[in-house]
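The values are calculated or read from the model by the stated rules, or taken from the named source; none is laboratory data. What you are looking at is a predicted structure, and each value in this text was computed from that prediction instead of being measured. Here the Cβ positions follow ideal geometry from the backbone for every residue, glycine too, while neighbour counts run over all protein chains shown. Accessible surface is based on the protein model in full, side chains and every heavy atom, while ligands, DNA and RNA are left aside. Shrake-Rupley method; radii C 1.70, N 1.55, O 1.52, S 1.80 Å.
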Amino acid sequence: MRAFAYLDHNATSPLRPAAFDAMVEALRAAGNPSSVHRSGRTARGIVDAARRQVATLAGALPSEIVFTSGGTEANNMAIGGSGRGRVLVSAVEHDSVLRAAPDAKLIPVDAEGVVDLGALERLLAASDEPALVSVMFANNETGVLQPIADVVRLARKAGALVHCDAVQGAGKVPVDLHGLGVDYLSLSAHKFGGPTGVGALVVRDGAPFASDRRGGGQESNRRAGTENVAGIAGFGAAAAAARDGLAVEGLRDRLEASLLAIAPGARVFGAGARRLGNTTCISMPGVKAETQVMALDLAGVCVSAGAACSSGKVQRSAVLRAMNVQDSEAATAIRISCGWNTESDDIECLIAAWRDLYIRVVHSDLTRARAA
Ligand SMILES: Cc1ncc(COP(=O)(O)O)c(C=O)c1O
């Protein structure tokens, strides 16, 4: 069995070999894509090739791709760039959406984490002011998929624009800008084997968009600043490699069945909804998420205690709270996320470490109870 298992792909997925190679090649080709000389043209060629690869992954036209520094910037640009003052966002969005729209009205979710379409309809009808609706493709903590086609249908009826944060969906399951009918789609390379610090906002041809960046005319005046050529090359290569998505449902299902059998009372959050095949958010009754993450880390297994945040601090999950999960139960939930290089051995390694921890905890509880 493996001594190390990386099961935190929703935080960052390790760089795919094809992305690494493309980046090294791009780093060798010095040049600014805006320069007219040969070095500039080489860099422009790299960026344009990657643009086509990313467009194919997102079901978009190359001209609809705006490269950014990642999903956070793409989400901020969509909210700010749509020009809509009235914004409706789901209660389970990533902070880069919630904090970009602090005055937004929250669309509630049900106990499985699926957006309440009736509530969305009522919120849309509450005012004549044109709105922007932002609902994510898949949740980063639970993997729950949102009914984007229904969201678009309701939004269109009310004359609203739609933004979809597809950072956790792209490269894992098919994502199609035009098939979904959304106006803006956010992507991030490092969630499916590209490098960190690069992503894209896909802006549907004809959708209103105004950039608040001041500077050069890069990205067809939609995102000023010299492009991150090597990062974009890695993004494109990862997008091409990820085109077929992930086939890890079998591993995920085996993992969940084993963990639920080990710890009676454990719960998989969002289990009743359509979910990404790579994500499990599960509680171990009575054992704090931080304790589980540390114990698993000591056993060589990397998972997360909810959404990774920059401070490294573990906060109570706003996603689970929106799903009406008690704080005491949410405090025991960890996120396990598989990816492109996950194998059966990784899952076995996690199951063994989780079982060891659970037995240790139950045993020490029993010892304490006997001593009392
Ligand atoms: C759903 C979702 N949106 C946006 C982001 C931010 O992406 P990035 O890390 O590229 O800024 C993340 C990252 O965790 C995410 O999970």
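Of all residues in the stretch 26-45, count the ones that are touching a residue at least 24 places away in the same chain (Cβ under 8 Å) and open to solvent by less than 40 Å² (accessible area, probe 1.4 Å).
Final tally of qualifying residues: 5.
Just a yes or no: is a residue in the stretch 336-358 open to solvent by 10 Å² or more (accessible area, probe 1.4 Å), of a type in the set (S, T, N, Q) and not in a helix (DSSP H, G or I)?
yes
Among the residues that make up the stretch 275-286, is at least one of them farther than 25 Å from Ala19 by Cβ and out of contact with any strand residue (DSSP E or B) (no Cβ under 9 Å at 6 or more places or on another chain)?
Yes, the stretch 275-286 contains at least one residue that is farther than 25 Å from Ala19 by Cβ and out of contact with any strand residue (DSSP E or B) (no Cβ under 9 Å at 6 or more places or on another chain).
Just to be sure, is Asp253 of a type in the set (Asp, Glu), open to solvent by 60 Å² or more (accessible area, probe 1.4 Å) and farther than 21 Å from Ser90 by Cβ? Don't jump to the end; show me each part of the working.
Values: of a type in the set (Asp, Glu): yes; open to solvent by 60 Å² or more (accessible area, probe 1.4 Å): yes; farther than 21 Å from Ser90 by Cβ: yes.
Yes; evaluated as a whole, the condition is true for this residue.
So Tyr184 passes all but one of these: (1) within 12 Å of the ligand (Cβ to nearest atom); (2) aromatic (Phe, Trp, Tyr); (3) closer than 24 Å to Gly118 by Cα. Which condition number does it fail?
Of (1) within 12 Å of the ligand (Cβ to nearest atom); (2) aromatic (Phe, Trp, Tyr); (3) closer than 24 Å to Gly118 by Cα, only one is false for Tyr184: (1).
Looking at the structure I just gave you, is Val114 within 24 Å of the chain's Cα centre (by Cα), more than 30 Å from Val325 (Cα to Cα) and modelled with pLDDT of 95 or more?
On the way: within 24 Å of the chain's Cα centre (by Cα): yes; more than 30 Å from Val325 (Cα to Cα): no; modelled with pLDDT of 95 or more: yes.
In short, no.
Look at the stretch 146-161 and say how many of its residues are in contact with a Phe, Trp or Tyr (Cβ under 8 Å, 6 or more places away or on another chain) and away from the ligand (no atom under 16 Å from the Cβ).
At the first step, the residues of the stretch 146-161 found to be in contact with a Phe, Trp or Tyr (Cβ under 8 Å, 6 or more places away or on another chain) are 146, 148, 161.
After this cut, where a residue has to be away from the ligand (no atom under 16 Å from the Cβ) as well, the list is 161.
Of the residues in the stretch 146-161, 1 are in contact with a Phe, Trp or Tyr (Cβ under 8 Å, 6 or more places away or on another chain) and away from the ligand (no atom under 16 Å from the Cβ).
Here is a yes/no grid of residues against (1) under 30 Å from Thr280 (Cα atoms); (2) surrounded by 14 or more Cβ atoms within 10 Å (Cβ to Cβ); (3) in contact (Cβ under 8 Å) with a residue 12 or more places away in the chain; (4) among the charged types (D, E, K, R):
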position: Glu219; (1), (2), (3), (4): no, yes, yes, yes
position: Thr226; (1), (2), (3), (4): no, no, yes, no
position: Val229; (1), (2), (3), (4): no, yes, yes, no
position: Gly236; (1), (2), (3), (4): yes, yes, yes, no
position: Ala242; (1), (2), (3), (4): yes, yes, yes, no
position: Gly245; (1), (2), (3), (4): yes, yes, yes, no
position: Val248; (1), (2), (3), (4): yes, yes, yes, no
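Restricted to the stretch 125-145, and to residues that are open to solvent by 10 Å² or more (accessible area, probe 1.4 Å) and away from the ligand (no atom under 11 Å from the Cβ), which residue is nearest to the chain's Cα centre (by Cα)?
First, the residues of the stretch 125-145 that are open to solvent by 10 Å² or more (accessible area, probe 1.4 Å): 125-130, 137, 140-141, 145.
Those still in the list that are away from the ligand (no atom under 11 Å from the Cβ) too: 125-130, 145.
Values: Ala125: 30, Ala126: 30, Ser127: 31, Asp128: 32, Glu129: 30, Pro130: 27, Leu145: 11 Å.
Going through the qualifying residues, I end up with Leu145.
Filter the stretch 196-217 for residues that are open to solvent by less than 70 Å² (accessible area, probe 1.4 Å) and closer than 26 Å to Ala11 by Cβ and give the result.
Residues satisfying the conditions are Gly197, Val198, Gly199, Ala200, Leu201, Val202.
Of all residues in the stretch 277-292, which are among the aliphatic types (A, V, I, L, M) and out of contact with any Ser or Thr (no Cβ under 7 Å at 6 or more places or on another chain)?
Residue satisfying the conditions is Ile282 alone.
Inspect all residues belonging to the stretch 272-294 and state whether any of them is closer than 26 Å to Gly70 by Cβ, under 18 Å from the mean Cα position of the chain (by Cα), among the hydrophobic types (A, V, I, L, M, F, W, C) and in a loop (DSSP other than H, G, I, E, B).
yes
Since Gly265 meets every condition but one in (1) open to solvent by less than 40 Å² (accessible area, probe 1.4 Å); (2) on the phi > 0 side of the Ramachandran plot, which condition does it not meet?
Unmet for Gly265, out of (1) open to solvent by less than 40 Å² (accessible area, probe 1.4 Å); (2) on the phi > 0 side of the Ramachandran plot: (1).
Working only within the stretch 198-213, note down all residues that are modelled with pLDDT of 95 or more and either more than 12 Å from the ligand (Cβ to nearest atom) or over 24 Å from the mean Cα position of the chain (by Cα) (or both).
Val202, Val203, Arg204, Asp205, Gly206, Ala207, Pro208, Phe209, Ala210
Would you confirm whether or not the stretch 189-197 contains a residue that is under 23 Å from Leu61 (Cβ atoms), modelled with pLDDT of 95 or more and among the β-branched types (Val, Ile, Thr)?
First, the residues of the stretch 189-197 that are under 23 Å from Leu61 (Cβ atoms): 189, 191-192, 194.
Now drop any that are not modelled with pLDDT of 95 or more, which leaves 189, 191-192, 194.
Subset that is among the β-branched types (Val, Ile, Thr): none.
Looking for residues that are under 23 Å from Leu61 (Cβ atoms), modelled with pLDDT of 95 or more and among the β-branched types (Val, Ile, Thr), one finds none in the stretch 189-197, hence no.
Just to be sure, is Asp165 more than 12 Å from the ligand (Cβ to nearest atom) and among the acidic types (Asp, Glu)? Spell out the reasoning first.
Numbers: more than 12 Å from the ligand (Cβ to nearest atom): no; among the acidic types (Asp, Glu): yes.
So Asp165 does not fit the description; no.
Would a scan of the stretch 146-164 turn up a residue that is within 30 Å of Gly40 (Cβ to Cβ) and either assigned to a loop (DSSP other than H, G, I, E, B) or open to solvent by less than 30 Å² (accessible area, probe 1.4 Å) (or both)? Steps first, answer last, please.
Going through the stretch 146-164, the residues within 30 Å of Gly40 (Cβ to Cβ) turn out to be none.
So far as the stretch 146-164 goes, no, none of its residues is within 30 Å of Gly40 (Cβ to Cβ) and either assigned to a loop (DSSP other than H, G, I, E, B) or open to solvent by less than 30 Å² (accessible area, probe 1.4 Å) (or both).
Given (1) in contact (Cβ under 8 Å) with a residue 24 or more places away in the chain; (2) surrounded by 13 or more Cβ atoms within 10 Å (Cβ to Cβ), where does Asp365 come up short, assuming only one miss?
(2)
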